[in-house]
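Structure, as structure tokens:
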Amino acid sequence: MSSPNLYIAVNNFSSLLQNSDGKSDRVERGSLLTLTAAPPSILSRTDNALSHASILWLRVYETEKVVGVNPECIKEIAPKVWRILLAVTDTEERYAFYMDHKRLREVIQLKPGDYVRVQVKSSSGRKERGVLCYKGSVNKEQEIFFGVQLMGSAVGKGFTDGSFGGQRFFHCDENCGVFVSGSKLERDWTEYPLRKSGKIDEKITGVHVETQKEESVLRPKNYQDHRSKPIKFMPRGVRQESPQRTGEKDQENADVLQSEEQNVKHCALEEQTLQAEDNPQPLTNPLEEEEAQNLNQPLEDHPPSSLYHPPRNCSPSSPSAEGKALSKGLELNSMVEVNDPPIYGVIRWIGHIPDCSEPIAGLEMEEERPSAYTDGTYRGIRYFKCGPNKALFVKLRNCRPDSRFYSLHGPTNQIQRCNSIAFRDYTSKCVEENTPPATGSEAEERLTGWKKGIQGHCNSCYLDATLFCMFACSSALDTILLRPPDKNDSDSYADTRDLLRTEIVNPLRKNGYVCATKVMALRKILEAAGKSAGFTNEEKDPEEFLNRLFQVLRVEPLFYIRTPKKKPEGCIFYQIFMEKKQSVDVPSVQQLLEWSMVTGDLKFTEVPSCLIVQMPRNGKNYKMFNTIIPTQQLDITDLLEDTPRQCSVCQSLAVVECLDCYEDLGITPGHIKQYCAICNKQVHLHKQRSGHQPRELSVPENLNGQAVLQRQHLQLYAVLCIETSHYVAFIRMTSHNRPLWVFFDSMADREGGQNGFNIPCVTPCPEVTKYLEMTAKELQQEDPKCMPTFVRRLLSDAYMCLYYSPDLSLYK
């Protein structure tokens, strides 16, 4: 059945047919129309001028109205042009796109894998870099849409992960893809340095022009004429010696895979050499061959996901085997070369095929070879789609970056790479349900081992370690994840909160692992939310991260402190500022916190549910103390205002405190001093204390001097450490009813080189418990060089200690 005649209006016009009210329907240029029969009322009026043969009766696609049209106002278009234009909803935009014949033809010829420029936002007109991943219908209608994975600075500016209307058409990271009409696209010629234009793109360097009498083409400086050197293609299992190559290079030639059909063709040629039929042709601009193109050829939809996944009877790629190729910077759409002398192509598929344990790459080659290549099938199974006689299957490890252009690409954008499909083997799943921290042996089993914790990427250790400390084994900060939005929150608040909750915290607690892609999404939000750049790629301090996170999520301060008669000040963490006391070599966090708050005359207004204490040091460069004991039970009773306290001498109810007595080593050295009325009088009779100024405490009226007072303690649950410029963490969990400390490093190992992947690890370190229970005197007798590695790092590299109140825990 042939398609109906299809037209586009190239002028604004009114229908030659009048309605009952005497007016005619208005048709805007750019409207699409289909041929239809004349209305019955016209057919019955043979004397009417409208029945003249020169008048066309068309149905307007947008309004379904039948109009009489002068043929001069319309142009007939091919079915595939119709389908491209149908996706453009604005008639004026559609008309302009149609009139730009060269760009229209260029868009029609685009295929998945081509580099493009795409207009993401209609208001800006700016076109972002991307790769075309899908071309076809998305809603069971005739319209042709284009699915594009964004690249470079556009990453994260999209609105899809490759899905549309609940159906998957291609795969990319969340908000890194778009679906657009053809009017929003153009081919990105800056990604194709070998243009048949006779000119060198200003953005491309390293390519020189070779002029011949017959023609002028751009060729790489290391170009080799394939007519002078035959290229060998051998059936599977046949190996032939080559004088130019030895060892691994010989194996590469033997590993070139061919389809079953190719084996039949080559069975009589196993010892022969196939000559290249034509010169290697550069990538050309199809616009220069307009006369050879026919817009009336049928337009074929490209399969939505064959580029990215193996067929159902093939297993996915092995992370370890594929990692070797990824370490070379290779992934889908990488430009590569194989063999020697090299032949060139682009990786269109990576996966496994039957009877081969190694990962295989499906290449779309630059040149057609009818006797050697296929259209993307191997042994009758389609793995990807390309032009006829252009697909070659090789072992992935035998692919090399295209040497003609590899040096031009510059260093890999690591932020963009985190959103690459190459991270698919390291991804983590979203967990919607609220998940409390695991306890007991379940926590140890779920959280410890390789590929556990949070995967590090691109200077992220400060954030990885801090998040692990905050949420892995404690619910003290879960209020951050559960606060419902209010009228003062921005539209993005819920999305940001849920990203942290469902993509990072819940997966960490349920599955023990979070991939770097999820953390990068949070880093982008943090960077966009404030004036300080660098959250996605630079080293930052944990305190800077905490401040920005609490700002973005509008979290209430974790605690309030104040000096007497001043307004309370909300804080996220408490940083210890003090002068070093020469008499103390190995202080505890208890001593340092009291020391700092007494010096500043500060008090907590109430017991914090979570207290983060920052040690007296300046980042990675300066430490005030070589060793600090992370106090396991932090007693904050004497640091609370309006709380009943015991006399430092007789243990009865205290009525005054004396900050001047703090330095006195004769009375409970190293502790805050407060006294009952009797002890206060006796203590200050001494001439050395006669100048002190004790201060009255607020004491509840119903308490008597002999009341039993409850101490207020906070439990240590995590320690953030820094050595040189790398942050790690120690976490306290409970296993078999006893404390078990574990060590977390988001970059404990690495697979591949610059373009490889970090592998996180969580390691049990039970020896830590023994040393944390030692006194300062016992620790001073220990030789740091003889301490276990984890113990030494904990005691000497502590940066922040995290405490929580067991009485105020969210999950009990």
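The table for this structure:
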item: Checking GLN651 against (1) touching a residue at least 12 places away in the same chain (Cβ under 8 Å); (2) at positive phi, the condition it does not meet; result: (1)
item: Residue among LEU593, LEU558 that is touching a strand residue (DSSP E or B) at 6+ places or on another chain (Cβ under 8 Å) and open to solvent by 20 Å² or more (accessible area, probe 1.4 Å); result: LEU558
item: Residue within segment 346-356 that is more than 30 Å from the chain's Cα centre (by Cα), open to solvent by less than 30 Å² (accessible area, probe 1.4 Å) and at pLDDT below 80 present; result: yes
item: Candidates ASP495, ASP491, ASP486, ASP425 - the one that is modelled with pLDDT under 90, in contact with a Pro (Cβ under 6 Å, 6 or more places away or on another chain) and over 17 Å from ALA748 (Cα atoms); result: ASP425
item: Whichever residue in segment 65-123 is over 30 Å from MET365 (Cα atoms), under 30 Å from the mean Cα position of the chain (by Cα) and not charged (D, E, K, R) and, among such residues, is least open to solvent (accessible area, probe 1.4 Å); result: VAL120
item: Single residue of segment 525-542 satisfying the filter (charged (D, E, K, R) and out of contact with any Ser or Thr (no Cβ under 9 Å at 6 or more places or on another chain)) that is farthest from MET800 (Cα to Cα); result: LYS531
item: Boolean, LYS102 is closer than 26 Å to GLU527 by Cβ and touching a helix residue (DSSP H, G or I) at 6+ places or on another chain (Cβ under 9 Å); result: no
item: Scan of segment 55-87 for residues that are part of a loop (DSSP other than H, G, I, E, B) and within 24 Å of PHE145 (Cβ to Cβ), ordered by number; result: TYR61, GLU62, THR63, GLU64, ILE77, ALA78, ALA87
item: Filter pass, VAL607 being at pLDDT below 90 and buried (at least 16 other Cβ atoms within 10 Å of the Cβ); result: no
item: Among residues of segment 642-666, those that are surrounded by 16 or more Cβ atoms within 10 Å (Cβ to Cβ) and assigned to a loop (DSSP other than H, G, I, E, B), counted; result: 11
item: Filtered residue count, segment 502-548, keeping only those that are of a type outside the set (Val, Ile, Thr) and under 16 Å from the mean Cα position of the chain (by Cα); result: 18
item: Residue count, segment 436-465 (criterion: surrounded by 19 or more Cβ atoms within 10 Å (Cβ to Cβ) and of a type in the set (Ser, Thr, Tyr)); result: 3
item: Cβ-Cβ under 9 Å pairs, at least 6 apart or on other chains, segment 458-479 side closer than 11 Å to SER609 by Cα and hydrophobic (A, V, I, L, M, F, W, C), far side open to solvent by 10 Å² or more (accessible area, probe 1.4 Å) and part of a helix (DSSP H, G or I); result: ALA476/LEU808
item: Residues of segment 27-44 satisfying the condition of being at pLDDT 85 or above, surrounded by fewer than 17 Cβ atoms within 10 Å (Cβ to Cβ) and under 13 Å from LYS65 (Cβ atoms); result: GLU28, THR34, THR36
item: Complete set of residues in segment 386-420 that are under 17 Å from ILE347 (Cβ atoms), over 28 Å from the mean Cα position of the chain (by Cα), in a loop (DSSP other than H, G, I, E, B) and at pLDDT 85 or above; result: CYS386, GLY387, LYS390
item: Residue within segment 719-727 that is assigned to a loop (DSSP other than H, G, I, E, B), more than 54 Å from the chain's Cα centre (by Cα) and at pLDDT below 85 present; result: no
item: Verdict on PRO485 being in contact with a Gly (Cβ under 7 Å, 6 or more places away or on another chain), in a loop (DSSP other than H, G, I, E, B) and open to solvent by 30 Å² or more (accessible area, probe 1.4 Å); result: no
item: Selection within segment 624-663 - over 24 Å from SER698 (Cβ atoms) and modelled with pLDDT under 90; result: MET624, PHE625, ASN626, THR627, GLU663
item: Hits in segment 772-793 - residues which are farther than 24 Å from LEU634 by Cα and of a type in the set (A, V, I, L, M, F, W, C); result: CYS786, MET787
item: Top-ranked residue of segment 775-812 - restricted to ones that are farther than 26 Å from ALA476 by Cβ and assigned to a loop (DSSP other than H, G, I, E, B), ranked as most open to solvent (accessible area, probe 1.4 Å); result: GLN781
item: Some residue of segment 65-73 being acidic (Asp, Glu) and at pLDDT 90 or above; result: no
item: Residues located in segment 362-381, provided they are assigned to a strand (DSSP E or B) and open to solvent by less than 40 Å² (accessible area, probe 1.4 Å); result: GLY362, LEU363, GLU364, MET365, THR374, THR377, TYR378
item: Residue check, GLN142 at pLDDT 90 or above and surrounded by fewer than 23 Cβ atoms within 10 Å (Cβ to Cβ); result: no
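Yes/no matrix, rows are residues, columns are (1) open to solvent by less than 40 Å² (accessible area, probe 1.4 Å); (2) under 17 Å from GLU433 (Cα atoms); (3) of a type in the set (Phe, Trp, Tyr):
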position	(1), (2), (3)
GLY512	yes, yes, no
GLY530	yes, no, no
ASN547	no, no, no
ARG554	no, no, no
MET578	yes, no, no
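The values are calculated or read from the model by the stated rules, or taken from the named source; none is laboratory data. Nothing here was measured: the structure is a model prediction, and the numbers come from that model. With ideal geometry, Cβ positions are generated from the backbone for all residues, glycine too; neighbour counts draw on all protein chains shown. Remember, those area values only see protein heavy atoms, side chains included, never the ligands or the DNA or RNA. Shrake-Rupley method; radii C 1.70, N 1.55, O 1.52, S 1.80 Å.
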